[in-house]
Amino acid sequence: MTTLAILTAAGSGTRLGRDLPKALVDLAGFPLVLHAARRLAASGVVDSLVVTCPPGLAVEVGELVAHDPQVGLPVRAVEGGSTRQASVAAGLRLAAADVDVVLVHDAARPLAPPGLVRRVVAAVRQGHAAVVPGLPVVDTVKRVVPASPDAVTRAEGPLAERVVETPDRGLLRAVQTPQGFDRAVRVRAPEAGARRADAEHLAATDDAGLVEALGLPVHVVAGDDAAMKITTERDLLVAGLLAEEES
């Protein structure tokens, strides 16, 4: 039985102020997607890799990753869909029959270390059908009543939202990727996504959220600070410093 990693790389670089897809943005001399693929391969627990790409870039990105000597895995690339769920589904369709563990990882987390990948896969193989890495939340978190569109429109000064709860931060985790799943469970997850399709406020923001919506348990293993997500230019600068420390 084998492990397939689906590397989602179909996002834009708009918030980074770039005119190319985020996955192709340079970090320490290499595209983000290549950093992510190298670390997945270095884990030693990934047997094949599917990269989801922006429209028209499947050949370019596929060759970039497949021909890198540090990857050394069977690589296929496929155009992603208009949503994350659609992109992951496109990757799942390329899974070989012997794949029993599926990882879903974001190219926007290019420095997720090999040890983190091994930790997630090990937990799935120990019998946990859905596993996510997570870090303890260090800030106090407030749950609020969202302001209505009318209130936002009428606000003449700072918008004030009412706090309804302060969750115990000791019970909270900031979730990262890669997220790992028993294949049969992850294949079922789109059922939950379809039920949520018309309810934006119920949309899952990660793959594990779809599994939760099926009423199935999700478990958390220790995350890693290096698995930070790159969204802004500041994130890219911080990741550059981390990459320098690695070299």
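Only strands (runs of 3 or more DSSP E) wholly contained in region 1-85 count here; list those with 1 or more residues that are open to solvent by 70 Å² or more (accessible area, probe 1.4 Å).
75-79
Please list, ordered by first then second residue, the pairs with beta carbon atoms under 6 Å, 6 or more apart or interchain, first in region 222-235 and over 17 Å from GLY180 (Cα atoms), second open to solvent by less than 60 Å² (accessible area, probe 1.4 Å) and part of a loop (DSSP other than H, G, I, E, B).
ALA226/LEU111; ALA226/PRO113; LYS229/ALA108; LYS229/ARG109; ILE230/ALA108
Could you look through region 156-190, keep only residues that are small (Gly, Ala, Ser) and in contact with a strand residue (DSSP E or B) (Cβ under 9 Å, 6 or more places away or on another chain), and pick out the one that is most open to solvent (accessible area, probe 1.4 Å)?
Step by step, filter region 156-190, then rank; the result is ALA184.
Any idea which residue in region 125-182 is farthest from the chain's Cα centre (by Cα), counting only those that are modelled with pLDDT under 95 and hydroxyl-bearing (Ser, Thr, Tyr)?
THR153
The values are calculated or read from the model by the stated rules, or taken from the named source; none is laboratory data. Just so we're clear, the structure is a prediction, and the values are computed from it rather than from any experiment. Cβ atoms come from the backbone with ideal geometry, glycine included; neighbour counts cover every protein chain shown. The area values use the complete protein model at the heavy-atom level, side chains included, leaving out ligands, DNA and RNA. Shrake-Rupley method; radii C 1.70, N 1.55, O 1.52, S 1.80 Å.
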